[in-house]
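A short worksheet on the structure shown next.
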Amino acid sequence: MAAHPSSKDNSANNLRKIWFDPNVRALVFQIIVVIGVIGFFFYIISNALFNLEQRGITTGFGFMNQTAGFGIIQSLIEYDESHTFGRTFIVGLLNTLLISALGIIFATIIGFVMGVARLSNNWLISKVATVYIETLRNIPLLLQIFFWYFAVLRALPSPRQSVSLGEAVFLNVRGLYLPSPVMEAGSSFVVIAFFIAVIGSIVLAKWAKRRQMLTGQPFPVLAVSAASIVLLPLIVFFIMGMPIGLEYPALKGFNFQGGVVVIPELAALLVALSFYTAAFIAEIVRSGILAVSKGQSEAAESLGLTRTQALKLVIIPQAMRVIIPPLTSQYLNLTKNSSLATAIGYPDLVSVFMGTTLNQTGQAIEVIALTMAVYLTISISTSILMNIYNKKMALVER
Amino acid sequence: MSVHQFKPDQTPPDMSVGFVGWMKKNLFSSWINSFFTLLILYLVIPPLAAAIEWLFINADWIGESRDACTSDGACWVFVIDRFSQLIYGFYPTEERWRVNIVFITFLLLIAALIYEKTPHKPKLAIFSLVIYPIIVFFLLLGDAFGLVKVETHQWGGLMLTLVLAIVGIVAALPIGILLALGRRSHMPIVRSFSTIYIEFWRAVPLITVLFMASVMLPLFVGSEVDFNKLLRAMIGIIMFQSAYMAEVIRGGLQAIPKGQYEAGEALSLSYWQSMGLIILPQALKITIPSIVNTFIALFKDTSLVLVIGLFDLLAIGQSALADPEWLGFSTEMYVFIAFVFWVFCFSMSRYSIYLEKKLHTGH
């Protein structure tokens, strides 16, 4: 006689069924995770509030309107001690963006040159590039920054013994002094002419590409745009009677007056960031070029394209598809690494805001949250742009 | 019937073999190549000669103080004078044998793990990832087994650099695995939490993480918990590193063919069984080169702890430069520290390339 399952056994069985149901398990597990995370945040926030109260620190962003009372050695916007902490935030942010933009430009140029050089069939060139890459990327960036700042730039002569180039450019321990442009009446026309030439070149490039797609006839876009970008503003410049002059730096008293000065902190940081990141970019460029299969260049050759045409129309577009994603993450790394500025006192966001402002106000949570938010915004917007670009460039397969 | 006799091979033209042929092919293949070769020789040789002269020929090696540095070359006396501080930091002299034991056992373990024919390698790897760090911790800190306690603020130099980097990678590995699994999980809440954690730490610079760890962590816990500086830095590094580790491991998980997952299911293994027995061993194996690469990045990044006042190798060197007795020898110090970092990183990167090649032939 078959055993009749009692109702008690049945309900236990049902419970077991429910317990081994993956959906139920997932739900239970997720509820535990949510409770855990909420509990964790509750714990740290209540602790933080208690500790802040104990130390008599008020929370909130009210401090942003208080007077900062400290100077900053370089600011792109008007700033002095009487401005607010909110203003120091902007000054720091702009300095971070400045060093990142300059670093990205230089690192890209050096990186592409070194990456191509490493593939050169000239043994000496490829070895020099290899040594450059293997040396720089295996040494901490902070050490490189210190080296350029303390060992190289600190060893430069005093303002009186400046190294000068044609009495217009001076290099000394206080920085690099360059002539600055002086805009007189009518100079805006030159600037406008420059922008017209740039926009015209972009339009021209689009038109030339479409025409080549339709008819196969190439157009010397590069030469024409280069000529128009140089010549158009130059012509306007002479027509308007040379409205842009140069102000030369000159030694007055103990220091140079006039001109533009590149402070040594900026120079050291820029050199270190560009050289360091360029070593990584070089490897990306090299692997990108190697990733284009040899058959592609052979196909281009068999179509009768010249070497330049093959590079421009076949090799580089395909290499770029491989190069761009890791290249962007190097740009992001460079931007994040610019925060090392704080170690030598270049007034970037971290140094000005997370350093001085934090010390003066004691508003640790707000200051750190705001600084991290800036980097988060930069990262997220970069990756969104990257994804759009990637979609556009991705290989369309059948 | 005459048998056809091959003529003996002719010797290749003199210009295409030997040193001359190599030069012609690799240095002077066209006029533009010749131009670049000469230009680079012109640009490289004089500075290289000057550097060698400065580094070795004219350098001062023996002495006690800066008076010994009389020639124009590098003053290695300075570095030699500070050498033990650069390695051990402020660790008490009579206790340094403990650090030496750690260094030696560490090297032996690494050698055993790299050598291909070591028996019981997986067991050894688990030992060095789980048990060995605990032994090292008690050996370095003391206060147990009759050892004198050495406070962590006395740790420094290369020893601290290694401790930070290794703790960072060892602790980040399990967290990274969990995060990677979480990011690939089917549970939406777990997946989004993991994704947010990973993307957040990857988006911010390490320096801000270190600042956060050093300024905010004490606020987040009750005042009864004692957080020393080293521990705070370690927590910051681990949080940061685990996000990078998670992405590396995610890459490995994605590279495992779907059939492997299905095989686990077909054997009616549970999620953790199939992960632990089938997927993760394979995923970890193929990600070893990438893990080595993130370790190199972490190793270099540990130098950032100097901004929160820890004395790693670079910070010790930097503070030595401020010594009024040795002003003006910064280049020597930087060259030495750079050399130490370079040796570590370069050998690790060679090892990772070697591994990549070795693992590649398997497919």
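The values are calculated or read from the model by the stated rules, or taken from the named source; none is laboratory data. All values reported here derive from a predicted model rather than from experimental measurement. Heads up, the Cβs are rebuilt from the backbone with ideal geometry, glycines too, and the neighbour counts pull from every protein chain shown. Only protein heavy atoms, including side chains, enter the accessible area calculation; ligands, DNA and RNA are left aside. Shrake-Rupley method; radii C 1.70, N 1.55, O 1.52, S 1.80 Å.
What is the sum of charges around A:GLY71, taking Lys and Arg as +1, Asp and Glu as -1, for the other residues whose C-beta is under 15 Å from the C-beta of A:GLY71?
Charge balance near A:GLY71 sits at -3.
From the helices alone, meaning DSSP H stretches of at least four residues, give me the mean residue ellipticity at 222 nm for the protein assembly as shown, per-run term -39500 (n - 2.57), in deg cm²/dmol to the nearest 500.
Using -39500 (n - 2.57) per qualifying helix, the result is -21500 deg cm²/dmol.
Within 10 Å of each Cβ of B:213-223, how many other protein chain Cβ atoms are there on average?
Mean shielding count: 5.
Just to be sure I understand the model, the point goes 7 Å from the Cα along the line to the Cβ. What's the resulting B:HIS360 to B:ALA255 distance in nm?
Between B:HIS360 and B:ALA255, the label points sit 1.1 nm apart.
Please work out the ratio of the alpha-carbon Rg of segment A:1-131 to 2.2 N^0.38 Å and round it to two decimals.
2.29
Average partner chain C-beta neighbours within 10 Å, per residue of A:120-130?
5
Could you compute the net charge surrounding A:TRP123? Neighbours are other residues with a C-beta less than 13 Å from the C-beta of A:TRP123; K and R count +1, D and E count -1.
After counting each charged neighbour, the total is +4.
Rank-order B:171-181, B:112-122 by packing density, defined as the average count of other C-beta atoms within 10 Å over each peptide's residues, highest first.
Descending mean neighbour count gives B:171-181, B:112-122.
For chain A, with a Gaussian network of springs between Cα atoms less than 10 Å apart, report the residue from A:PHE219, A:PHE106, A:PHE85 with the top mean-square fluctuation.
In this elastic network of chain A, the residue with the biggest mean-square fluctuation among A:PHE219, A:PHE106, A:PHE85 is A:PHE219.
How far apart, in nm, are the 7 Å Cα→Cβ label points at A:LEU376 and A:PHE41?
Reported label-point gap for A:LEU376 and A:PHE41 is 1.0 nm.
Placing +1 at every Lys and Arg Cβ and -1 at every Asp and Glu Cβ, with all other atoms neutral, what dipole size does segment A:63-166 have around its Cα centre, in debye to the nearest 20?
Here the size comes out at about 420 debye.
Starting from the Kirkwood radius over alpha-carbon pairs of segment B:100-245, derive D by Stokes-Einstein at 37 °C in a medium of 0.692 mPa s and give it in µm² s⁻¹.
It comes out at roughly 189 µm²/s.
Chains A and B: what accessible area do they bury, summed, in square angstrom to the nearest 100, with a 1.4 Å probe?
Answer for the A-B pair: about 4500 Å² buried.
Could you tell me how far the Cα centroid of segment B:1-77 sits from the Cα centroid of segment A:298-374, in Å?
When both Cα centres are located, 36 Å separates them.
Quote to one decimal, in nm, the extra length available between A:ARG25 and A:SER287 on full extension: 0.36 nm per residue of separation minus the C-alpha distance between them.
Using 0.36 nm per residue and subtracting the Cα-Cα distance, I get 89.8 nm.
Which shape class applies to segment A:211-308: rounded if a/c is under 1.5, otherwise prolate when a/b exceeds b/c and oblate if not, where a ≥ b ≥ c are the square roots of the Cα gyration tensor eigenvalues?
Cα axes put segment A:211-308 in the oblate bin.
Compactness ratio of segment B:41-166: Cα Rg over 2.2 N^0.38 Å, N = residue count?
That works out to 1.48 for segment B:41-166.
Calculate, for A:VAL173 and B:LEU43, the FRET efficiency according to 1/(1 + (r/R0)^6) with r their C-beta to C-beta distance and R0 35 Å; round to the nearest 0.05.
0.85
Other chains' Cβ within 10 Å of A:95-106 residues: what's the mean?
The per-residue average across the peptide is 0.
Hey, in the GNM for chain B with a 10 angstrom Cα cutoff, which one of B:VAL79, B:VAL170, B:VAL20 fluctuates hardest?
B:VAL20
Within 10 Å, count the other beta carbons around each residue, average over each peptide in A:46-52, A:107-113, and list them highest first.
Per-residue Cβ counts within 10 Å, averaged per peptide and sorted highest first, yield A:107-113, A:46-52.
Under 23 Å Cα to Cα from B:LYS25, which lysines show up? Leave out anything in the same chain fewer than 8 places away.
B:LYS25 reaches A:LYS127, A:LYS294.
Tell me, what is the FRET efficiency for A:GLN257 and A:ILE202 to the nearest 0.05, using R0 = 41 angstrom and their Cβ-Cβ distance as r?
Efficiency, from the Cβ-Cβ distance: 0.55.
Given the Cα atoms of segment A:276-328, and with Rh set as the inverse mean 1/r over their pairs in the Kirkwood sense, what is Rg to Rh to two decimals?
1.06
So if I take the alpha carbon set of the protein assembly as shown, get Rg, then get Rh from the Kirkwood formula, what is the Rg over Rh ratio?
Dividing the radius of gyration by the Kirkwood radius yields 1.00.
Between A:SER120 and A:ASN10, what is the FRET efficiency for a Förster distance of 60 Å, r being their Cβ-Cβ separation, to the nearest 0.05?
Once the sixth-power term is evaluated, E becomes 0.15.
Please give the charge dipole size of segment A:124-252, origin at the Cα centre, charges +1 on K and R Cβ atoms and -1 on D and E Cβ atoms. Round to the nearest 20 debye.
420
List the chymotrypsin sites (Phe, Trp or Tyr not before Pro) in segment A:245-326 that DSSP assigns to loop (not H, G, I, E or B) and whose Cβ has at most 10 other Cβ atoms within 10 Å. Which are they?
Those satisfying the criteria are A:PHE254.
Computed over the Cα atoms of segment A:324-372, what is the convex hull's projected area averaged over all directions, in nm²?
3.7
Once you order the gyration tensor axes a ≥ b ≥ c over the Cα atoms, which shape class does chain B get: rounded for a/c under 1.5, otherwise prolate or oblate by comparing a/b with b/c?
oblate
In the protein assembly as shown, what cysteines have no partner Cβ closer than 4.7 Å?
So, B:CYS345.
So, in Å, what gap is there between the alpha-carbon centers of segment B:277-342 and segment A:51-66?
Taking the Cα centre of segment A:51-66 as reference, the centre of segment B:277-342 is 36 Å away.
Report the residue, chosen from B:ILE256, B:ILE52, B:ILE40, that carries the largest GNM mean-square fluctuation when chain B is represented by alpha-carbon nodes joined by springs under 10 Å.
Of B:ILE256, B:ILE52, B:ILE40, the most mobile in the Gaussian network model is B:ILE40.
Let a ≥ b ≥ c be the square roots of the eigenvalues of the Cα gyration tensor of chain A; is it rounded (a/c under 1.5), or, if not, prolate (a/b larger than b/c) or oblate?
It comes out oblate by the Cα gyration axes.
In nm, give the distance between the simple-model label positions of B:THR11 and B:PHE127, each being 7 Å from the Cα along the Cα-to-Cβ direction.
6.0
Which is the longest run of chain A containing none of the GluC sites (Glu not before Pro) found in DSSP loop states (not H, G, I, E, B) with at most 10 other C-beta atoms within 10 Å?
Looking at chain A, A:168-396 is the longest stretch - no exposed GluC sites (Glu not before Pro) with at most 10 other Cβ atoms within 10 Å.
Using 19 Å as the Cα-Cα cut-off, could you pick out the over-long pairs in B:LYS258/B:LYS285; A:LYS336/A:LYS392; B:LYS258/B:LYS357; A:LYS209/A:LYS392?
Where the Cα-Cα span goes over 19 Å, the pairs concerned are A:LYS336/A:LYS392; B:LYS258/B:LYS357.
About its Cα centre, what dipole magnitude does chain A give when the only charges are +1 on Lys and Arg Cβ and -1 on Asp and Glu Cβ, stated in debye to the nearest 20?
1340
For B:SER30, project a label point 7 Å along Cα to C-beta. Then give me every residue of segment A:294-315 with its amide nitrogen under 14 Å of that point.
Only A:306-311 pass the distance filter.
Only loop residues by DSSP count here, and only those with at most 14 other Cβ atoms within 10 Å; note down the GluC sites (Glu not before Pro) in segment B:15-95 that meet that.
Those satisfying the criteria are B:GLU64.
For segment A:251-279 and segment B:84-159, what is the separation of their Cα centres, given in Å?
Each part reduced to its Cα centre gives a spacing of 43 Å.
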